[in-house]
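The values are calculated or read from the model by the stated rules, or taken from the named source; none is laboratory data. Treat the numbers as computed from the prediction; the structure is a model and nothing was measured. With ideal geometry, Cβ positions are generated from the backbone for all residues, glycine too; neighbour counts draw on all protein chains shown. Surface accessibility is based on the protein's heavy atoms, side chains included, excluding ligands, DNA and RNA. Shrake-Rupley method; radii C 1.70, N 1.55, O 1.52, S 1.80 Å.
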Amino acid sequence: MQTSVTSVSPLRTEAEIHPREFSRLIKQRALEEGFEKVGIVPAAPLDEEHNKLETWLGRGFHGQMAWMAREPEMRTDPRRFFPGGRSVVVVAKNYYTPAKHSDDPATGKVSRYAWGDGYHEVIGAKLHSLLSWIKQIMPSTEGKVCVDIQPMMDKAWAVRAGLGWLGKHTNVITTEYGSWVFIGELLLNLELEYDNDITEDHCGSCKLCIDACPTAAITEPYVLDSNKCISYATIELREPQMPAQIAENLKGWLYGCDICQDVCPWNRFEQVTDEPRFEPREGNVNAGLDEVLEMTPESYAERYRQSAMKRAKLYGLKRNAHTLLQNREAD
């Protein structure tokens, strides 16, 4: 973390700190913590997003992710999750590293977001540090750090805060870093000055992501059917076998899938991250299939400690590796 240049005189009381000034200082501190983008918006319900979420759930597009269907009202109203919440500080962190996947059939490709240390820990630590700093300035502050696993619609909040727009592949796209960003939020019980500049949707008539998806998971622009998605199947699906449509079209992916992001024209503007913890671990760009199949619970736990790849569980990774080997033999 950089040495802070943001400070407020300790002689001033909380009441003397104007929301506009404090918002500016919070944003500046967030940048010092290493985030590339930050916006602040009211902790108000996401009414439009709530309607879209209910429609998406009603179509069964969440697959086996039952938690998505539990209390959708909480997911779209942060005050139900954090009753004292009045403001949402939304941040984005660039995670792009320039390593390249191998087409070696003895290995399986891993999604770029999982190459380094788990983003929950990295982003969460930065947000906790930001919250600690805010409490030093404003001791009455109460806050809640959110990074993916809390019932917050991260992408919707990033769009609401003006960090980027929702691409047709349903990932947030920024003009500066493409879609290679992690998103997090800090809910606060403070009234702050709010941003109201929504980023324009720059997808235009482009549908490269839709056309490139080998399983037609993007059923229409801005709508993803998880049941057809390679990322969902290789990470979240808990069945002993994958659906044939996905198994036959894995394109070498062992964990996750970046196809729709790799073809996005906005990802030509990628910038290399300054976060060393996102540098690829050995064997995380491509993983040896035989090595995965030979893993024990102990070696798996050691290999993927503090890695996002733990999400697939050992039996999930072995199922994925076995499917890729079957595909290789069929070819």
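Report the residue count in the stretch 81-123 for those that are more than 12 Å from the chain's Cα centre (by Cα) and under 21 Å from GLY162 (Cα atoms). Result for the stretch 81-123: 7. Across the stretch 263-280, the number of residues qualifying as surrounded by fewer than 16 Cβ atoms within 10 Å (Cβ to Cβ) and in contact with a Cys (Cβ under 9 Å, 6 or more places away or on another chain) comes to 1. Counting only residues that are of a type outside the set (A, V, I, L, M), modelled with pLDDT under 65, surrounded by 12 or more Cβ atoms within 10 Å (Cβ to Cβ) and not in a helix (DSSP H, G or I), the stretch 5-53 holds 1 of them.
Conditions tested, residue by residue: (1) farther than 30 Å from LYS37 by Cα; (2) at pLDDT 95 or above; (3) among the polar types (S, T, N, Q); (4) touching a Lys or Arg at 6+ places or on another chain (Cβ under 8 Å).
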position: VAL272; (1), (2), (3), (4): no, yes, no, no
position: GLU275; (1), (2), (3), (4): no, yes, no, yes
position: GLY288; (1), (2), (3), (4): yes, yes, no, no
position: GLU291; (1), (2), (3), (4): yes, yes, no, no
position: MET295; (1), (2), (3), (4): yes, yes, no, yes
position: TYR304; (1), (2), (3), (4): no, yes, no, yes
position: ASN320; (1), (2), (3), (4): yes, yes, yes, no
position: LEU325; (1), (2), (3), (4): yes, yes, no, no
position: ALA330; (1), (2), (3), (4): yes, no, no, no
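Do we have ALA247 as within 25 Å of ALA216 (Cα to Cα) and modelled with pLDDT of 95 or more here? Yes. Among the residues of the stretch 227-250, are any open to solvent by less than 80 Å² (accessible area, probe 1.4 Å), in contact with a Phe, Trp or Tyr (Cβ under 8 Å, 6 or more places away or on another chain), acidic (Asp, Glu) and in contact (Cβ under 8 Å) with a residue 12 or more places away in the chain? Checked the stretch 227-250: no residue is open to solvent by less than 80 Å² (accessible area, probe 1.4 Å), in contact with a Phe, Trp or Tyr (Cβ under 8 Å, 6 or more places away or on another chain), acidic (Asp, Glu) and in contact (Cβ under 8 Å) with a residue 12 or more places away in the chain.
The numbered conditions (1) open to solvent by 20 Å² or more (accessible area, probe 1.4 Å); (2) farther than 20 Å from ALA92 by Cα; (3) at pLDDT 95 or above are all true for GLY283 except (3). Against the test of being farther than 25 Å from ASN320 by Cα and surrounded by fewer than 22 Cβ atoms within 10 Å (Cβ to Cβ), the options GLY178, GLY204 yield a single qualifying residue, GLY204.
This table checks each residue for (1) farther than 19 Å from GLY178 by Cα; (2) crowded, with 20+ Cβ neighbours inside 10 Å.
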| residue | (1), (2) |
| --- | --- |
| SER87 | yes, yes |
| SER102 | yes, no |
| VAL122 | yes, yes |
| LEU127 | yes, yes |
| SER140 | yes, no |
| GLN150 | yes, no |
| TRP157 | no, yes |
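Scanning the stretch 199-226 for residues that are in contact with a strand residue (DSSP E or B) (Cβ under 8 Å, 6 or more places away or on another chain), without any contact (Cβ under 8 Å) to a residue 60 or more places away in the chain and aliphatic (A, V, I, L, M) gives ILE210, ALA217, ILE218.
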